[in-house]
């Protein structure tokens, strides 16, 4: 009688022959619709972590999120927003942008990271955004580096774009790090949103992956 490990190995070999894996192309991205980002990086890399450092109040992080939701809506992919402080305001976004959105409301950084660990392994999602902008710095410092590398390993074999919004750089495994550090003036609220998006210019702080093809 064939031993169980040998049967399992034979089954894996059979599945590999019948359902060969399609090699992934390095540099696949999800465009943001923000010229200052897409012209430099091509967009948000898939199978990787992107950190968006929101270093100033009213710096455009909601505009950035809106553009990501619009892109996800255009390609009809599902999005999860992990809201670490339950502060997301869906009324600030066009209703059609929320059609594919799963809003995960959390009560702290630890719970949000647990949700991220689960959702980054969900093959039904194309984009996960972890919002830690209002997380206390003490909580962010307590998050071990191993937890961030665990999340990176989770997204590497997937087609997922994973974006972490933080108040300061704290994600050591981020392949791409962008920073929004210029606050909008109060008068900007009277301007059309499209004009604000055009003028949104995140600073590139790190790029470990070279984007060479569209997602």
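The values are calculated or read from the model by the stated rules, or taken from the named source; none is laboratory data. As the structure is a prediction and not an experimental result, all values here were calculated from the model. Glycine gets a Cβ as well: all are built from the backbone with ideal geometry, and neighbour counts include every protein chain shown.
If you go through the range 13-35, how many residues are at pLDDT 55 or above and either in contact with a helix residue (DSSP H, G or I) (Cβ under 9 Å, 6 or more places away or on another chain) or farther than 30 Å from residue 167 by Cα (or both)?
Here the count works out to 10.
Which condition from (1) more than 18 Å from residue 140 (Cβ to Cβ); (2) surrounded by 14 or more Cβ atoms within 10 Å (Cβ to Cβ) is the one that residue 84 breaks?
(1)
So is residue 9 at pLDDT below 90 and surrounded by fewer than 22 Cβ atoms within 10 Å (Cβ to Cβ) or not?
Yes, satisfied.
Let me confirm something: among 116, 112, which residue is more than 22 Å from residue 32 (Cβ to Cβ), touching a strand residue (DSSP E or B) at 6+ places or on another chain (Cβ under 9 Å), crowded, with 21+ Cβ neighbours inside 10 Å and modelled with pLDDT of 95 or more?
112
Quick one: is residue 74 at pLDDT below 95, within 17 Å of residue 177 (Cβ to Cβ) and surrounded by fewer than 18 Cβ atoms within 10 Å (Cβ to Cβ)?
no
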